[in-house]
Amino acid sequence: MKVAMKTQTSLSLTDKVKNILSAYESDSPKVKENLGRILMHGRLGGTGQMIILPVDQGFEHGPARSFAGNPVCYDPHYFYQLALDAGLNAYAAPLGALQAGVETFGDKIPLILKMNHGNSLLSSKTNPDQAVTCSVQDAVDLGCAAVGFTLYNGSESYNAQLEELRDIIAEAKSHGLPTVVWCYPRGGVLPKEAETAIDVVAYAAHMACQAGAHMIKVKLPSDTVWLEAAKKSYENIPVKTLAERVRHVTQACFNGRRLVVFSGGEAKEEAAILSEIIAIRQGGGNGSIMGRNAFQRKKEDALKLFDDMIAILKG
Amino acid sequence: MKVAMKTQTSLSLTDKVKNILSAYESDSPKVKENLGRILMHGRLGGTGQMIILPVDQGFEHGPARSFAGNPVCYDPHYFYQLALDAGLNAYAAPLGALQAGVETFGDKIPLILKMNHGNSLLSSKTNPDQAVTCSVQDAVDLGCAAVGFTLYNGSESYNAQLEELRDIIAEAKSHGLPTVVWCYPRGGVLPKEAETAIDVVAYAAHMACQAGAHMIKVKLPSDTVWLEAAKKSYENIPVKTLAERVRHVTQACFNGRRLVVFSGGEAKEEAAILSEIIAIRQGGGNGSIMGRNAFQRKKEDALKLFDDMIAILKG
Amino acid sequence: MKVAMKTQTSLSLTDKVKNILSAYESDSPKVKENLGRILMHGRLGGTGQMIILPVDQGFEHGPARSFAGNPVCYDPHYFYQLALDAGLNAYAAPLGALQAGVETFGDKIPLILKMNHGNSLLSSKTNPDQAVTCSVQDAVDLGCAAVGFTLYNGSESYNAQLEELRDIIAEAKSHGLPTVVWCYPRGGVLPKEAETAIDVVAYAAHMACQAGAHMIKVKLPSDTVWLEAAKKSYENIPVKTLAERVRHVTQACFNGRRLVVFSGGEAKEEAAILSEIIAIRQGGGNGSIMGRNAFQRKKEDALKLFDDMIAILKG
Amino acid sequence: MKVAMKTQTSLSLTDKVKNILSAYESDSPKVKENLGRILMHGRLGGTGQMIILPVDQGFEHGPARSFAGNPVCYDPHYFYQLALDAGLNAYAAPLGALQAGVETFGDKIPLILKMNHGNSLLSSKTNPDQAVTCSVQDAVDLGCAAVGFTLYNGSESYNAQLEELRDIIAEAKSHGLPTVVWCYPRGGVLPKEAETAIDVVAYAAHMACQAGAHMIKVKLPSDTVWLEAAKKSYENIPVKTLAERVRHVTQACFNGRRLVVFSGGEAKEEAAILSEIIAIRQGGGNGSIMGRNAFQRKKEDALKLFDDMIAILKG
Amino acid sequence: MKVAMKTQTSLSLTDKVKNILSAYESDSPKVKENLGRILMHGRLGGTGQMIILPVDQGFEHGPARSFAGNPVCYDPHYFYQLALDAGLNAYAAPLGALQAGVETFGDKIPLILKMNHGNSLLSSKTNPDQAVTCSVQDAVDLGCAAVGFTLYNGSESYNAQLEELRDIIAEAKSHGLPTVVWCYPRGGVLPKEAETAIDVVAYAAHMACQAGAHMIKVKLPSDTVWLEAAKKSYENIPVKTLAERVRHVTQACFNGRRLVVFSGGEAKEEAAILSEIIAIRQGGGNGSIMGRNAFQRKKEDALKLFDDMIAILKG
């Protein structure tokens, strides 16, 4: 059965959240309300910091590679329950995974419908692209708080992807839904090292803001400056430490007027993750979006890790 | 004349079927009712097991190659009658074949309109694709219980095919129709051996679930693991026996929350077929979808084979 | 002025025609009525046999090559009058030619609007394609009894052509119009000899039926079997004589449940034509669709030829 | 301000014009009325002969190349005034040029909105194509009597161009507007000499008629026969003199049932132009469409030339 | 919140502005009113001269390259405030930048929504193209006075770009919004030197006028004549001085019937800028559109420069 009930979120916004939302000068009250649902939910609710659980690895890398190490993950209910038990702000996933648990969990945590997906059977070095596997109407039917979309900034079909994004943002706004943009600078002339180069990541995040994104997701950047034409400009921009680079990215996102969350990428040690979270907090980012490092751990370990992250982000 | 009457199916669902349908958490009562029509029909009705007769070989391989050995097959009425006499759950075919018998048989057995088709005059190793030769409205007009769609997972146009599927699923749902996805991992970088490799088949099935499919059709997989990046994950997944591989595929389909039926491919001995059916049953699959091995036998032999398959699947 | 009046056709159908129409199990009374208009019209009216005059050579080969030998053909009224005087079942032509005589002749003979056209300025060996030069609405406005569409089965754009056909059939049906499909297996890997090979022609005709065509037009096939994979199947199919090949094609068209008419191709002697007509009759085809061999003869010779053909088809 | 007033044209048609319009058997009274507006306007009004001023050279060749020799041409009002002062039947131009004078001149002379345009910054030998730079609605808003469209018959995108034309004709007709087709056989395998070859020009004109064009514009053809397959047919067609070639083209246009106007191409001497006009008159064409040879002359010379042309066409 | 309030502009038009608007003969009062809003606003209001602040460098070159030298620019409010404080006619920017300040500044200065954008991660020498990152509806929702669109005249996709522009102009007009076209002759066969060649720039501007643009933006051209075919025509056109070239461009824009503003390109000395402004004034252009030379200066320097420019343009 379709579920369009809102999650039970306290709607008395904190000043911090009110302030964040006030920067969305052109958005309708309904879009702001949905952004507010995410910002006010869970143990970080009201702080302006977020942790979001994204799970699309089954689609992107295949089920066995993603879930065999922790087979409870084959069941889509697991991710809902994990995000819920950890007290996170939102759970983001493809259509099928959300559908499979929405009746049971849909009113318990804000959902983000990830709308496009790549996969590991296809691969293009210069023209990476994703299939848009669902519609904004699906997000509405599932009672989501937002939609998500991946841009491969630099891909040969980047212009077409920007135009897909434009239509999705417009349709989502007409239903009161904000849009989260996953920025992956990849394809075209970009080598592997450019994908996390600080200049490229900041540029990609800025373009998503210009395209009307409400929240930006980028990988934590390295201190490489890749674009030849940008090197001179970076001589006077402090980007040595991770916290400085986080700060530069938020600066590129309309000087902090747009929400930015950071992902860490591949599985790593808990200590490494927590030091990244500290940098996000110090640099003024809006938190973390973390998948594999959570669901590929045993549930108790994942909950412990989230506890520690939340403690840091609460500051 | 258009026929939109429902097949005469007992609608008092068994607990087994109720349980299966309850996993479709986001679907409307109408979609579940149509899934229920298929699950409750025929001699396996109510068991959660199915046998479906699919006949699209005339389109895909040509009429003579498909039917010359049993010329009664040139008449589209034959397949309807065969599925009916054998007590199967549903009959799946292209538009023209369904049209040619719908007035005579449309209210006697659930129909699945197969919406896209390849053919043997065209062939592309890297970019296999199918023409969508009819519309969801055709399925509605024919009184079908579901629509069917083939994905060539891995084809260079796989992303475009996923987007076609997305639109078909959405339109079908708006008419209360579930969608069955035929997964053929083929094209792009995939060699012949990858098409039935257990990792590739499980991955293809998982992606169909993520795209919102209600039922998945895959070939029975081999124990080959083809994707280099997946090999490590499969070290601890039991896939030696066919039953184990069936079980792994159902696991990849949201841990059994989505229906999966298996096909055996080319013509083979009855004993071989029955041992496959046993494996499907043992592995927790939802039954069989079998074309050539049925209609290319004499009718009495086909009915005998179906009898034996049904006996096994009833368990 | 737009002409939407129906041709004056006796609507008391013969049993033969009733029987033919009853095989169109999914079609609306309006579609059957229009098929009936063609089957009941002219001197073959009611016999289940047809002769249709198709004239699109001006578009496909150019006006001088087509008409210079019989310059009355430059005037589009000539073809209407010829079909009328010969007592044929229908006249098929491109938009412009029909428009130029519809007020004068539109209520006197069933019209088939041929909707797509190739031309001799373009030529592609592997990707032959036609422009769709008019719409179903044009057919409705002209009061046509059917629309016509060419498929180049085997062309690199065959899938796209099938999808164009799908949309045309659907729109035509919504206006009560049946669709006639001209099958030209051509393009892709097909060499010249394959275009009339019996296996390829039967296959092409079968695919048109599966796509929902109401009437199929093919060239009279040769006894070549071209597809390697089909050769074994043809060892036991009698295709030595032309009549046998006609019978095999009707078999491939849902065992006679769909109408099939045959064309002979290039200009030839009267005796050769008549022996083809005899074969069509013997093989159980539904008649002839003949252009150049009619209009490139002097009118009196053409009328004489049609007389002889009609005599044979009446049996 | 939008101007949708009709030009002041006497609507009591001459028998000549009534006769011409009666050949448009499928067209609505509104379409015929607009064709009539053009045929009845100016000093040739009612004769069945026309002179149309087309000015799109600014778009196609650039403003300086087109207008520097007669700088009054930079002002779009000049062309309106010239056509008006010369007593021509109509003025044809791109959107911008018509917009710039429609309030001042829109009710004084029938307008033809030329809808697609090439330019001299792009050039493709095998795939010439034009951008459609305005819409039928623009023609309606400007109060035009017709729309114009260029076909590059033979271009690799000729099929796509025919389909664009189909949609424009259909939409124009729905607003009561006829369509004039500019035929430029060019691109694909066609060499320069083929562009004016009599067989190619007649073929191009014929295809435009088949596509539903109301008026055809072609260049005056040479006596070259270019298509190998057409050479035999032309052995018995008289095409030695220009008048014979004009006659053959009108024959190819449904034996005179469609209006055909001829252009002369590049700038030339007055005597040469007038001898061409004589041939058009003798061959039964419907007049002249002449741009550069008019506006690149001083106004008084242009008016004198038009006077002489009108005298000839009046006969 | 959406902001659709108009900027507070005196609507009693000067004779100069009335005269300019009267040349837009086909436009609705609403479109003229919006053109009038821009022409009447700021310190040049009513003079027929304009200075517009365009800022899309964050999208096109990246945030650090554009803003690091003057970090206040990371905040989108800065540009609004700068245009306001300098008393300019309008501020033009991408969607995101306008959204971020529209509630605060939307009623204080006319806005132009720049609708398409290139970026520095992609680059094509022969086929430059831009993504259309927002919609006309966005411009309406933001209360803009106009929309802006870039054409790469000469690009291999120039025809497609013209058709995008056509649809945008039509939709914008239906909402009463005029369209400003940024002309960048680039791509295809054009070398770097052609991009500012006087013949190419005048040609590009002319085509934009023909396509229905209301205002044209070009770079100040050089005295190079690049098109071989145009060289003869330029022998008698005075283009030695910058003022003469400005005059020629306005001539190419329907002899002054369309507004033309000029940009200077890369950062340069104040003296160089002012001498360009003098040439624009002398040549009869309608003013300046200047981004980097303004916002990359310290605010006080930028305001001083604008003061000097306004003094010159006021004349």
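Residue pairs whose Cβ atoms lie under 7 Å apart, sitting 6 or more positions apart in sequence or on different chains, and linking a residue in the stretch E:24-49 that is within 14 Å of chain D (Cβ to nearest Cβ) to a partner that is polar (S, T, N, Q) and outside any loop (DSSP other than H, G, I, E, B), are E:E25/D:Q99; E:E25/D:T104; E:S26/D:Q99. For the stretch D:175-224, the set of residues classified as assigned to a loop (DSSP other than H, G, I, E, B) and under 14 Å from the mean Cα position of the chain (by Cα) consists of D:P178, D:Y184, D:A213, D:H214, D:L220, listed by residue number. Just one of the listed residues (E:S157, E:S174, E:S135) is farther than 28 Å from E:N89 by Cα and among the polar types (S, T, N, Q), and it is E:S157. In the stretch D:301-315, the residues that are touching a residue at least 60 places away in the same chain (Cβ under 8 Å) reach residues that are surrounded by 13 or more Cβ atoms within 10 Å (Cβ to Cβ) and polar (S, T, N, Q) with C-beta atoms within less than 8 angstrom, at least six apart or across chains, in these pairs: D:M309/D:S288; D:L313/D:T47; D:L313/D:Q49; D:L313/D:S288; D:K314/D:T47; D:K314/D:Q49; D:G315/D:T47; D:G315/D:Q49. Within the stretch B:187-206, how many residues are out of contact with any Lys or Arg (no Cβ under 9 Å at 6 or more places or on another chain), more than 9 Å from every other protein chain (Cβ to nearest Cβ) and under 23 Å from A:C134 (Cα atoms)? Looking only at that region, the number is 0.
Here B:V140 fulfils each of the conditions (1) crowded, with 22+ Cβ neighbours inside 10 Å; (2) within 14 Å of chain C (Cβ to nearest Cβ); (3) of a type in the set (A, V, I, L, M, F, W, C); (4) in contact (Cβ under 8 Å) with a residue 24 or more places away in the chain apart from (1). Within the stretch C:9-20, is even one residue acidic (D, E), surrounded by 20 or more Cβ atoms within 10 Å (Cβ to Cβ) and modelled with pLDDT of 95 or more? No, that holds for no residue. How many residues, within the stretch A:86-121, are within 8 Å of chain B (Cβ to nearest Cβ) and farther than 17 Å from A:P76 by Cβ? The number of residues fulfilling the criteria is 3. Identify the residue in the stretch B:51-79 that is of a type outside the set (D, E) and touching a Gly at 6+ places or on another chain (Cβ under 6 Å) and, among all such residues, is surrounded by the fewest Cβ atoms within 10 Å (Cβ to Cβ). Checking each candidate, the answer is B:H77. Look at (1) surrounded by fewer than 20 Cβ atoms within 10 Å (Cβ to Cβ); (2) facing another protein chain (nearest Cβ under 8 Å); (3) over 20 Å from the mean Cα position of the chain (by Cα) and you find that B:A230 fails only one, number (1).
Of the residues making up the stretch A:207-226, those that are more than 22 Å from A:K32 (Cβ to Cβ) and either facing another protein chain (nearest Cβ under 8 Å) or touching a strand residue (DSSP E or B) at 6+ places or on another chain (Cβ under 8 Å) (or both) are A:M207, A:V218, A:K219, A:L220, A:P221, A:S222, A:T224, A:V225, A:W226. Of the listed requirements (1) within 25 Å of C:A100 (Cβ to Cβ); (2) surrounded by fewer than 24 Cβ atoms within 10 Å (Cβ to Cβ), D:L82 misses just one: (1). For the stretch A:113-128, residues that are under 18 Å from the mean Cα position of the chain (by Cα) and charged (D, E, K, R) total 1.
If the condition is being buried (at least 23 other Cβ atoms within 10 Å of the Cβ) and touching a Lys or Arg at 6+ places or on another chain (Cβ under 7 Å), then the stretch C:117-137 contributes C:T133, C:C134.
Restricting the stretch B:242-256 to residues that are within 8 Å of another protein chain (Cβ to nearest Cβ) and in contact with a Pro (Cβ under 7 Å, 6 or more places away or on another chain) leaves a set whose member that is nearest to A:F79 (Cα to Cα) is B:F254. Out of curiosity, is A:D167 within 20 Å of the chain's Cα centre (by Cα), modelled with pLDDT of 95 or more, at the interface with chain B (Cβ under 10 Å from one of its Cβ atoms) and in a helix (DSSP H, G or I)? Taking the combined requirement at face value, the residue does not satisfy it. For the stretch C:226-273, residues that are in a loop (DSSP other than H, G, I, E, B) and either modelled with pLDDT of 95 or more or within 23 Å of B:Q99 (Cβ to Cβ) (or both) total 11. If you go through the stretch B:277-292 and keep only what is surrounded by fewer than 24 Cβ atoms within 10 Å (Cβ to Cβ), part of a helix (DSSP H, G or I) and of a type outside the set (K, R), you end up with B:I278, B:A279, B:Q282, B:G283. Only residues that are surrounded by 21 or more Cβ atoms within 10 Å (Cβ to Cβ) and either closer than 18 Å to E:A194 by Cα or polar (S, T, N, Q) (or both) were counted in the stretch E:205-219, giving 7.
Restricting to the stretch D:146-164, and then to whatever is in contact (Cβ under 8 Å) with a residue 40 or more places away in the chain and not in a strand (DSSP E or B), can you tell me which residue is surrounded by the most Cβ atoms within 10 Å (Cβ to Cβ)? That would be D:N153. Got at least one residue in the stretch E:60-67 being in contact (Cβ under 8 Å) with a residue 40 or more places away in the chain, among the acidic types (D, E) and either more than 20 Å from A:E164 (Cα to Cα) or more than 8 Å from every other protein chain (Cβ to nearest Cβ) (or both)? Yes - at least one qualifying residue is present in the stretch E:60-67.
The values are calculated or read from the model by the stated rules, or taken from the named source; none is laboratory data. The structure presented is a predicted model; accordingly, all values stated were derived computationally and were not measured. Cβ atoms come from the backbone with ideal geometry, glycine included; neighbour counts cover every protein chain shown.
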